[in-house]
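The values are calculated or read from the model by the stated rules, or taken from the named source; none is laboratory data. Every value quoted in this text rests on a predicted model; they were computed, and no experiment measured them. As a convention, Cβ positions derive from the backbone with ideal geometry for all residues, glycine included, and neighbour counts pool all protein chains shown.
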Amino acid sequence: MKKIFILGGEQTDFERNWHKEGKNFLGMLREVVEDTLAATRLSFEDIADLNRGNRVSAHIGNFDGEQYFNQGHLGSFFTEVDDAFFGVPAARYEAACASGSVALDAAISKISSGDYDVSLVVGLELMKTVDSKVGGDFLGTAAFYEKEAKGVDFPFPKIFGRLADEIVKKYSLNEARFLDNLAEISCINFGNGKRNPKAQTRNWFMDKGQACRRGTDSNTLVGGRLAISDCSQITDGAAGVVLCSEKFALEYCRKRNLTMGRIPYVKGWGHRVAPVTFKRKIEEAVDSKYILKWTRQAVIDAYERASLGVENMDLFETHDCFTSSEYAAISSFGITEPGEEFRAIESGIIAFDGSKPVNPSGGLIGCGHPVGASGVRMFLDLYKQTSGRAGCYQVENAKNALMLNIGGSATTNYVFIVGI
């Protein structure tokens, strides 16, 4: 594949409650676009100039603007940010929690085909406009709503609680040990979030003791074996990145006296879709070593396209919508064999200072999970890590990094590998 370079990007502070601030989705879009361009040393004048040459496109990932803030057709709203976007081809992309990755995929494809040299990608979700029960129902449309979510309070904790049940069953795990492993995953992500100045939970408290005390007033059960400590956050937030062709990257570096070899680029990708319902996924995976077989295949595809393997990865950003999803991801990445994920957790391999750190940003549990933005935020963190710009949560000497972004109950699976 052609090299697609990443010039940088920015995310909003995921701790913010935009509804309480009296700001709407357009305010969020305007802010993240302005900050993304500033971070990449581009201006609206640059966008206008690229547009005159038909060299730029814009893409927005969003899951459910129609329900959360009563607005669709979001791609058109780049024109409300600045007149420079008048005429720029732009569109909105949706694949549940993988909406940001679909937008990235579209942008990468546009540049790879030679249609455009530069693409602005934004992921955005405004979720705190409704209460948690209503929001849980909205999120249920990322599953097969009529079969799995209609009339069910908080359907996704229950679905991923079933994933926890199936993991224990498939690999004949000791339940107490497994739950302790999930608590450790939770603590790692909350701990990593404290290092991230834009993480939603950077000022929260969570220790192993609290995470282990499931079913108490401070850590109530929400879905089978899973408790509040096992869940990602309801988050208002957006993230943006600028991607470009090798031709433009050379122009960009020449004008700014930068070294081309220090700009991260997309090395590999994988995209696989599994059966929609969780029941069908489990039935189909009976003869597979992997409980989420299509997640594993997306990872394999990315490794093969990059001509790299797990041994070459310096860190991972994964879709820990629940601790059970991160548990299953560990073997999908190849860090351990399926059923032996506990080895990576208990030995500290996935900890921040481990040999294969997972979610140094804090992940969805620690950093936050604005659904349509999470894929772009993870991608941005791969850029930060491999360019040495991750600050307090920088993994030392990071050269290659992999992200996994899933939509629904691991229905849509996207993997990207970024490196220098």
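General remarks:
- Qualifying residue in the stretch 91-101 (condition: free of Cβ contacts under 8 Å to residues at least 60 places away in the same chain, touching a helix residue (DSSP H, G or I) at 6+ places or on another chain (Cβ under 8 Å) and of a type in the set (A, V, I, L, M, F, W, C)): yes
- Test result for HIS19, in a helix (DSSP H, G or I) and either surrounded by fewer than 23 Cβ atoms within 10 Å (Cβ to Cβ) or not hydroxyl-bearing (Ser, Thr, Tyr) (or both): yes
- Of all the listed residues (ALA183, ALA142), the sole one being surrounded by 18 or more Cβ atoms within 10 Å (Cβ to Cβ) and closer than 20 Å to GLU346 by Cα is ALA183.
- Assessment of the stretch 388-400 against the conditions (surrounded by 24 or more Cβ atoms within 10 Å (Cβ to Cβ) and of a type in the set (S, T, N, Q)) yields no matching residue.
- In this structure, THR36 qualifies as part of a helix (DSSP H, G or I) and surrounded by 19 or more Cβ atoms within 10 Å (Cβ to Cβ).
Yes/no per residue for (1) in contact with a Lys or Arg (Cβ under 7 Å, 6 or more places away or on another chain); (2) within 24 Å of LEU139 (Cα to Cα); (3) without any contact (Cβ under 8 Å) to a residue 60 or more places away in the chain:
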{"site": "ARG16", "(1), (2), (3)": "no, yes, no"}
{"site": "PHE25", "(1), (2), (3)": "no, yes, no"}
{"site": "ALA58", "(1), (2), (3)": "no, no, no"}
{"site": "VAL88", "(1), (2), (3)": "no, no, yes"}
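- Meets criteria (in contact (Cβ under 8 Å) with a residue 60 or more places away in the chain, basic (Lys, Arg) and in contact with a helix residue (DSSP H, G or I) (Cβ under 7 Å, 6 or more places away or on another chain)) for LYS170: no
- Flag if ALA249 is aliphatic (A, V, I, L, M) and either more than 16 Å from the chain's Cα centre (by Cα) or under 20 Å from GLN394 (Cβ atoms) (or both): yes
Residues are listed down the side, and each one gets a yes or a no for (1) farther than 21 Å from PHE44 by Cα; (2) crowded, with 17+ Cβ neighbours inside 10 Å:
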site	(1), (2)
PHE86	no, no
GLU94	yes, yes
CYS97	yes, yes
SER101	yes, yes
ASP117	no, yes
GLY123	no, yes
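- Test: residue in the stretch 51-60 that is among the aliphatic types (A, V, I, L, M) and under 19 Å from MET378 (Cα atoms): yes
- Test: residue in the stretch 118-130 that is in a loop (DSSP other than H, G, I, E, B) and of a type in the set (Ser, Thr, Tyr): yes
- Pairs where the first residue, in the stretch 206-222, is surrounded by 19 or more Cβ atoms within 10 Å (Cβ to Cβ) and the second is basic (Lys, Arg), C-beta under 9 Å, 6+ apart: ARG214/ARG225; ASN219/ARG213; VAL222/LYS158
- Test: residue in the stretch 236-254 that is within 20 Å of GLY136 (Cα to Cα), of a type in the set (S, T, N, Q) and modelled with pLDDT of 95 or more: no
- In the stretch 113-149, of all residues being polar (S, T, N, Q) and over 11 Å from LEU243 (Cα atoms), the one that is modelled with the lowest pLDDT corresponds to SER132.
- Taken together, the criteria exclude ARG280 from residues that are surrounded by 22 or more Cβ atoms within 10 Å (Cβ to Cβ) and either part of a helix (DSSP H, G or I) or modelled with pLDDT of 95 or more (or both).
- Filter pass, ASP180 being free of Cβ contacts under 8 Å to residues at least 40 places away in the same chain, in contact with a Cys (Cβ under 7 Å, 6 or more places away or on another chain) and more than 24 Å from LEU139 (Cα to Cα): yes
- Selection count where residues are basic (Lys, Arg) and either under 17 Å from GLY375 (Cα atoms) or at pLDDT 95 or above (or both), scope the stretch 1-19: 2
- Number of the exception - THR336 against (1) among the polar types (S, T, N, Q); (2) under 25 Å from ARG214 (Cβ atoms); (3) under 19 Å from the mean Cα position of the chain (by Cα): (3)
- Of the criteria (1) free of Cβ contacts under 8 Å to residues at least 40 places away in the same chain; (2) assigned to a strand (DSSP E or B), which one ASP287 fails: (2)
- Remark: pairs (first residue in the stretch 248-271, farther than 16 Å from ILE420 by Cβ; second residue among the charged types (D, E, K, R) and modelled with pLDDT of 95 or more; Cβ separation under 6 Å; 6+ apart in sequence or on different chains) = PHE248/ASP117; GLY270/ASP301.
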